[in-house]
Amino acid sequence: MESSLSSIQTRVENIKGFSSNFDMYLFVNPSAYDTAWLAIIPDSKYPSQPMFKSYLDWLLNNQNLEGFWGESDTFGKPTIQALSATIVSMVALKKWKTGASMIQKGMSFIDANGEKLLNEVKENCPLWFAIVFPATLELAEEIGLEVAFPEAALEIISYISRCRESYLNKEEAVGNLHYYPQLLSYLEALPRCYVSEEDISNNLSKDGSMFQSPSASAKAFMVTGNQECLTYLQSLAQKFPNGVPQAYPMDEDHIKLCIVNQLQKLGLGENFVGEIEVLLAEVYRSKPFSKSPIWIK
């Protein structure tokens, strides 16, 4: 027992001794939602195959035991983000005709947990979920994937769809002013009639991304075929072969919070009290946060 404790302490000291140049993205969990969107992209030369097969393989190897893909809380239970991530992951598997048993397991998860998770937003639905969730259902329907929710959840889904319509109508009324760029960060979830190729091209970042969002950038490339956008996606595949983060490049303060979250989830927080206090103090002092967008999906 003493030897085991000594071993843990040695490893903790080794971690603390990491060079300041280590890759901070090692502490950022892959986003199943964004990874699934990259897995959906067909290869330009061989459209019957995925462009990024490694991400399709990631989906096949990273379904939770309960049947979902995506975020879980500190107790391992799925969060509301897991609903949209699970649906898009099933769409990717269905598109490439693989993982039939995993799709069925995902369906069972939704049937068993969909109502409970949707209850979290039934009175106050956040913008990101109102935009993304109905779009994932439409995406599934387009590919012939019937996602069945418990009957008790249908009223909540109807409410979420009304919220989406309200948000979109609001953006149309505002036009190209304050809110419109923020909405484009959800490009993959916007109705086809809502955004033109010109809108997409005019709002691509210098790195070829759509607001540093892998999922929105994946959709931008599939719509426009923009080569700079493709270069951005290929750079993601090179840097993150085991699943992409929800944004890249990511706000440094957000990465610091991810580090703290990972240490706490692993039960190592008590070994890094001083380091955690320093990271949180740095984040606090940096307010107001960077304007670089980090959208929850």
Original post:
Stretch residue 62-residue 151 to full length: gain in nm at 0.36 nm per residue minus the Cα-Cα span?
Top reply: 29.2 nm
**OP:** Could you pull out the pairs from 97/206; 122/239; 122/170; 94/239; 53/170; 45/206 whose alpha carbons sit more than 29 Å apart here?
**Re:** 97/206; 122/239; 53/170
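Fully extended, how many nm does the chain gain between residue 74 and residue 123 (0.36 nm per residue separation, minus their Cα-Cα distance)? Don't skip to the answer; put the middle values down first.
Numbers: separation 49, 0.36 × 49 = 17.64 nm, distance 2.44 nm.
The residue 74-residue 123 span can extend by a further 15.2 nm.
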Subject >> Percent of Cα pairs exceeding the 20 Å cut-off, where the set is region 43-128 >> reply: 39 percent
**OP:** Sort 90, 102 by accessible area with a 1.4 Å probe, largest first.
**Re:** 102, 90
Original post:
Tally Lys and Arg at +1 and Asp and Glu at -1 over the other residues with C-beta under 11 Å from the C-beta of residue 228: what net charge comes out?
Top reply: 0
Original post:
Over the Cα atoms of region 79-179, what is the Rg over Rh ratio if Rh follows Kirkwood?
Top reply: 1.01
Original post:
Rounded to the nearest 0.05, what FRET efficiency is calculated for residue 161 and residue 199 with R0 set to 22 Å and r the Cβ-Cβ distance?
Top reply: 0.40
Original post:
How much length is gained if the chain between residue 53 and residue 29 is pulled fully straight, taking 0.36 nm per residue apart and subtracting their Cα-Cα distance, in nm to one decimal?
Top reply: 6.7 nm
Original post:
Mind ordering 28-38, 183-193 by average Cβ neighbours within 10 Å, highest first?
Top reply: 28-38, 183-193
Original post:
Which net charge results when you count Lys and Arg as +1 and Asp and Glu as -1 among the other residues whose beta-carbon is under 14 Å from that of residue 53?
Top reply: +1
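The values are calculated or read from the model by the stated rules, or taken from the named source; none is laboratory data. Because the structure is a prediction, the values reported are computed rather than measured. Backbone-built Cβ (ideal geometry, glycine too); neighbour counts: all protein chains shown. Note: areas computed on protein heavy atoms with side chains; ligands, DNA, RNA excluded. Shrake-Rupley method; radii C 1.70, N 1.55, O 1.52, S 1.80 Å.
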